[in-house]
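Accompanying notes for the structure given below.
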Amino acid sequence: MPKIAVVILNWNGVQLLERFLPLVIKHSNNHKIYVADNASTDTSIRYVKENFPGVKIIQNTSNGGYAKGYNDALPNVKEDIFCLLNSDVEVTPNWLTPIENYFNENKNTAIIQPKILDLKKKSHFEYAGAAGGFLDSFGYPFCRGRIFDTLEEDKGQYNDNLPIFWASGACLFIRKATFFNLGGFDEDYFAHQEEIDLCWRAQNKGLEIMYVGASTVYHLGGSTLNEMNPKKTFLNFRNSLYSIVKNIPIYKAFFIVMARLLLDGIAGLRFLSQMRFTHCLAIVKAHFSFYWNLPKTLKKKELNSRTKKYYLIKSVVWSYFVNGYKEFNNLVKD
């Protein structure tokens, strides 16, 4: 049976390590645990060395964000399967067992996400991943259990195994060979939605991405950039456009990007109506950054032999705001 390495990316997160690392160690059986440190300036490294000598530390030379941080660290990990785990995730007893079994029994499965619930409200799904990710035709992401700001209560409705389009970077399991065959994360993303791009590239190669509901973790969320930070808005809007250009045939991507000009503009007006001026400006900056970097992004485009339908519904914006579908099981009937 392939071994799982739990790799926690850390940057100045000693308080998160103090809170969450002991449970990771307690509930991870004999699986190896790594802390990949992005050049922290706090006492993170000293804390791990003094309290958990069995945890292997990988020290990156700079803080390149989520994408570069894992790209730099993972070549130092020898196990067959990587678990990319945020430092603000609380794991549960036997959380690794269903994942390990599923990988062992399903050789074409390349990536897995567990059930991700909200640590602040444990009865509900969490924003970053919930019960697995999907896209609409305009490249907007949403999840089973979370559409925009609506978080569903966990009533067992997603205690299944289901193919999904993308897995959350908060807790993402990926085969070592898959990660390196795909070339790792795109470091130009820095943070946010780089996992969607990675999963999209995996989908284009015919690989399977699964949600396994028998494994549960709780995510605190917002520990690096919370939702009120305009930089998060900037990264989400820009990186979503990057993924469209990289993974959709160019003639289709052109029309989608043109549509996104209008739709993202509407999102900007919504921020204005909420007096969130810096977020509106962040959307404008995201588009300018995207266009400035377009030649570079186009060079990353691959000729995919197995391009598949990437979206579940036409428009999550229309379904949610116009039709009023707030829950996933209603949304897919659109």
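The values are calculated or read from the model by the stated rules, or taken from the named source; none is laboratory data. A quick note: this is a predicted structure, and the numbers were derived from the prediction, not measured. All Cβ positions, even for glycine, are placed from backbone atoms using ideal geometry, and neighbour counts span all protein chains on display.
Details
- Taken together, the residues in the stretch 103-127 that are in a loop (DSSP other than H, G, I, E, B) and under 13 Å from the mean Cα position of the chain (by Cα) amount to 2.
- Residues satisfying the stated conditions in the stretch 140-170, i.e. touching a helix residue (DSSP H, G or I) at 6+ places or on another chain (Cβ under 9 Å), closer than 26 Å to residue 105 by Cβ and either surrounded by fewer than 20 Cβ atoms within 10 Å (Cβ to Cβ) or not small (Gly, Ala, Ser) (or both): 143, 144, 157, 158, 161, 164, 165, 166
- When 134, 173, 185 are checked against the criterion of being in contact with a helix residue (DSSP H, G or I) (Cβ under 6 Å, 6 or more places away or on another chain) and assigned to a strand (DSSP E or B), a single residue qualifies: 173.
Per-residue answers, yes or no, for (1) in contact with a Pro (Cβ under 7 Å, 6 or more places away or on another chain); (2) surrounded by fewer than 19 Cβ atoms within 10 Å (Cβ to Cβ); (3) modelled with pLDDT of 95 or more; (4) hydrophobic (A, V, I, L, M, F, W, C):
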| site | (1), (2), (3), (4) |
| --- | --- |
| 68 | no, no, yes, no |
| 74 | no, no, yes, yes |
| 90 | no, yes, yes, no |
| 108 | no, yes, no, no |
| 112 | no, no, yes, yes |
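- Candidates in the stretch 184-214 are the residues that are over 14 Å from the mean Cα position of the chain (by Cα) and more than 19 Å from residue 241 (Cα to Cα); of these, the one that is surrounded by the fewest Cβ atoms within 10 Å (Cβ to Cβ) is 206.
- Cβ-Cβ under 6 Å pairs, at least 6 apart or on other chains, the stretch 1-13 side among the basic types (Lys, Arg), far side not in a strand (DSSP E or B): 3/79; 3/80
- The residue list 87, 62 contains one member that is in contact with a strand residue (DSSP E or B) (Cβ under 8 Å, 6 or more places away or on another chain), among the small types (Gly, Ala, Ser) and free of Cβ contacts under 8 Å to residues at least 40 places away in the same chain, which is 62.
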